[in-house]
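Below is one structure, written out as structure tokens, with a few remarks after it.
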Amino acid sequence: MPVYEHTYRNYEGVFRHRFRWWIVVEQEFRVLARLRIFKFLVLLSSIQVLLRLVQIVAYDTIVQDPNHPMAAVLSRLEGITVKSSTFFDFINFQTPVMFIILLYAGAGMICNDFRNNLMEIYFSKPLRWHDYLLGKAATLILLGLSVTALPALLLIAEHVILLPSWELAREAVDMASASLLFSLVLVVPTALAVLACSSLLPGQNYAAITLFMLIIANSSMAGLLSQSLRARSYLGLSYPLAVMRLGQDFFGIRPAIFDMAWHWPFLLLAVTALICLLIVARRVRRAEIPA
Amino acid sequence: MSAVVEVKSLSKWFGEVIALNNLDLEIGRGVTGLLGPNGAGKSTLIKVILGLHAPSRGSVRVLGGPPRNNAAVLRRIGYCPETDNFYANTSGFEFVYWMNRYWGMNNRDAARAAEEACDLVHMTDRMHDPVEEYSKGMRQRIKLAQALAARPDFLLLDEPMNGLDPQGRDEMYALIQRLAEHGTPVVVSSHVLYEIERITDDVVLLYGGSLIAQGRVRDIRALIDSQPHTIHVSSGSPRALAARVAGEGHILALELRDDGLVLRTSDPNRCYDLLNGLALGEDPLVRTIECADDSLQAVFDYLTKK
Amino acid sequence: MALIEIDDLTVSYGGEPALNGVSLRIDEGALGLLGPNGAGKSTLIKTILGFLRPASGSVKVFDLPLPKSALLVRQRVGYMPERESTSPKISAVSFLTYCGRLFGMSMVDAMERTHEVLNYVGLGESRYRNMETYSTGMLQRVKLAQALIHDPKLLFLDEPTNGLDPDGRIEMLELIREIASQRGVTVILSSHLLPDVQHVCDRVAMLAKGRILSQGSIESLTGALERQYEVRVRDNDAAYAALLDGAGCVQRRMAPSDTLLVRVPAEMKEDAFFELARAAGTQVRHFRPARRSLETAFMEALGKETSDAGV
């Protein structure tokens, strides 16, 4: 009969490394899910989703049916019509809440780890800097997509189910891919920018405020340039407007905010995203060698 | 010669939690060690001495006056805190310089005092580098420099040896002793008891918000003399020695080891007499004598494990 | 096969060679890593963990070459860093299961191990509270736990007693001793508190300015000082000291205690101390051959003199 020993057992289990970065994602989500404010923000993001759900039901069933008593009343409501641009609008209007969620979840992601001296602890485990970075970025991107692309796709599905037709189905495929592309173009650079600020600044609040200021400054500059040089194309330098412009392009919406080929705003976003990625990568790589 | 710190019937509570309970204490010249487990009230006592907290009851006088909101007293105190907080983007020199300016020195004096203080702690060659680049030991020295720069009449050091390498520790000991010899009383609070033992024999021991011992370690140890002592004796023939002493009435316990015995006795005086006698002669049974209760750690353990 | 084999290692950190031609073999047991600040101790540990690339020379841990096999090495090594680390918004359990998973354990395994290891380091019910409520001692225990969770055979500890109160320090040192002696884990302890190192380790390696100054067993480094003894009497100190003088001894008080460090002339026997005590009307309360302290050995190796050297 074994006598109780005050010690820990020899580890007989297995060590399996599949996707290390996914462990980082899981942990980040686990931590976020416990925060009250986060739950509140998620709730906030679902308001528009609910409204659109109702709108689609109203349009698809009531307005389309001429015999319905409410049809006449509802059809006079501005914006009740569900078309391609509706989904563009949906994602567009989700932008503020998506931004706040990403900022809330991401501003402290890297700087808190620095502050709490966790880098040494993490990297003394078999975790590479790219696992760490990919995990953090993936968390934010998944978060962002889950309040933009995911509900958009669900709404599109709802629309097709309620108004089944081959034509609509084909259109739906276009709308779905446009939604996905728009969301990616919206979420990915934002996520990378949040991480870049988080890795550069010493505190969570500093990072959030800095990013906020950068976006305001960027928009103001673009506005100033376009006013003083009297060319609307300079508005393309503004990050939010560049994103919106691309979205309009994906959805085939005319007239666009400003008259410019789509590759300029795309270039701006791509370059921004790349710079942010390089910044974070550099900071995290340096952390792998703790000071 | 009045005491540096006089505490009378001092109590301090925070809400329901009492941090200091009816403390009566006098700290005089020389180096005094301030000891106690975490939660004993040490940091609260330090804060009261520095005037950061007002006593809930009772009084405290430092260098003759109450410290709270009393610039005349506060500018004579040098304090080296345990925590490691510095302004961002400053160099060590700048930090000490600005502390001097806050103290009230003018531009020139502050710079000069900062230089001298940095020199005293051997930081002259790195003093213009940003604090972020310093190792723990260097930050520790800058903190000490800041405490010394205004030539205080009383030094209060909280864990001053933290992060210093053995050489740095040695220098710190020497510095503290030099300061004490020059007449500056120093109070050192530390958890590393054998270090306190090296620099001073005077200690103040807090536990649970109360003072449980004060004075010279040897005196406190002598008071514990009335309690059973544990003595390590080395011998060439432990069993013969054991047979010799087992018959004595004051021996409470005997433990046989390869190279000797561990004795527990209720009458240390008689036991040592016995052992001294057995150490004489050609082939003595007793080779070495060591008391396990000798160290400050043992005294501390005894007093806090009551 | 030694656990760690370091051969003529040179590593640059920040432009300067932080380690210069270091050769070291670390076998099983408990090793103390000593050296002044800036000696290269942390550079050595970082190189062994695979963070830094050697400019020349080689490092092998468990016969795996570094930095190529860095991930494999980190899998089998536990590291307890010096700085205070915390994950304020989550509990110790949550933090440790995360660490376990980063080592590649399944969630279930990680959960089991977390609780086992937390029991071992002595963290009780507070493991379910958020770490922002923890005291320094508790955070240190969590730090030790995360270094043990994957059952490593090699453990690096950097100033493990930092910030702990006297009881906490004793407990931590006892825990480390137990790990080294009873679990067969090779422990490398880096600390400035030499008595701690003496208590826990059997060997030391001393570094200074990027080179190995000396290495060997603590026993051999702290050998007895020739013809020198420590003695303390109950009372009548002055009379006793005078008698010692008369017998031809050179003595020095080991301030601030009242223990004397005495060098005896060649002819004097050990029992003379006791005879003289009787003559002075007192009794000897402490008597043993003086040994070099590890601190003295260290300082001598550094070429400096300390207040603790013999008479």
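Nothing in this text is a laboratory measurement; each read-out follows from the coordinates by a stated rule. Computed from a prediction, not measured in an experiment: that's the story for all the values here. For neighbour counting, all protein chains shown are included, and Cβ atoms are generated from backbone atoms with ideal geometry for every residue, glycine included.
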Using a basic spin-label model with each label point 7 Å from the Cα along Cα→Cβ, how many nm lie between A:M221 and A:L44? 2.7
Using only the alpha-carbon atoms, what does segment B:227-304 span along each of its principal axes? Please give whole angstrom values in decreasing order. 42, 23, 20
Tell me, what are the semi-axes, in whole angstrom and largest first, of the equivalent ellipsoid of segment C:4-220 as set by the roots of 5 times the Cα gyration tensor eigenvalues? 29, 20, 16
Which of C:V187, A:V73 comes first, and how do the rest follow, when ranked by fewest Cβ neighbours within 10 Å? A:V73, C:V187
Between A:I209 and A:L53, what is 0.36 nm times their sequence separation minus the Cα-Cα distance? Round to one decimal in nm. 52.8 nm
Spin-label model distance (nm) - C:S220 vs A:E167, 7 Å beyond Cα toward Cβ: 9.4
Per-residue ellipticity at 222 nm for the protein assembly as shown, helices alone: DSSP H runs ≥ 4 residues times -39500 (n - 2.57), over residue total, nearest 500 deg cm²/dmol? -14500 deg cm²/dmol
What list do you get for B:K305, A:K83, C:K143 if you sort them by fewest beta carbons within 10 Å? B:K305, A:K83, C:K143
If contacts are Cα pairs under 8 angstrom and at least 6 residues apart, what is the relative contact order of chain C in percent? 18
Using the Cα atoms of chain B, I'd like the radius of gyration and the largest Cα-Cα distance, Dmax, both in angstrom. 23.8, 77
Where Rh denotes the Kirkwood radius from the mean inverse Cα pair distance, what is Rg over Rh for segment C:198-311? 1.06
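Using only the alpha carbons of segment C:224-291, what is the convex hull's orientation-averaged projected area in square nanometres?
Working: hull surface 15.9 nm².
So the Cα hull casts an average projection of 4.0 nm².
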Give me the distance between the Cα centres of segment C:86-160 and segment C:260-305, rounded to whole Å. 46
Counting each pair of different Cα atoms once, what's the Kirkwood radius of the protein assembly as shown in Å, rounded to one decimal? 32.5
Cut-off is 10 Å between beta-carbons; in what order do B:E181, C:E295 appear when sorted fewest neighbours first? B:E181, C:E295
For the pairs A:K136/B:K42; C:K41/C:K68; B:K305/C:K46; A:K39/A:K136; B:K136/C:K89; A:K39/C:K46, flag any whose C-alpha to C-alpha distance is greater than 31 Å. A:K136/B:K42; B:K305/C:K46; A:K39/C:K46
Considering all alpha-carbon pairs of segment C:117-220, what whole percent are spaced by more than 17 angstrom? 55
Calculate, for B:S2 and A:H68, the FRET efficiency according to 1/(1 + (r/R0)^6) with r their C-beta to C-beta distance and R0 56 Å; round to the nearest 0.05. 0.05
Residues of segment C:108-126 with backbone N under 17 Å of the label point set 7 Å from the Cα of A:E26 along Cα→Cβ are C:108-115
Please report Rg (one decimal) and Dmax (integer) in Å for the Cα set of segment A:21-287. 20.7, 70
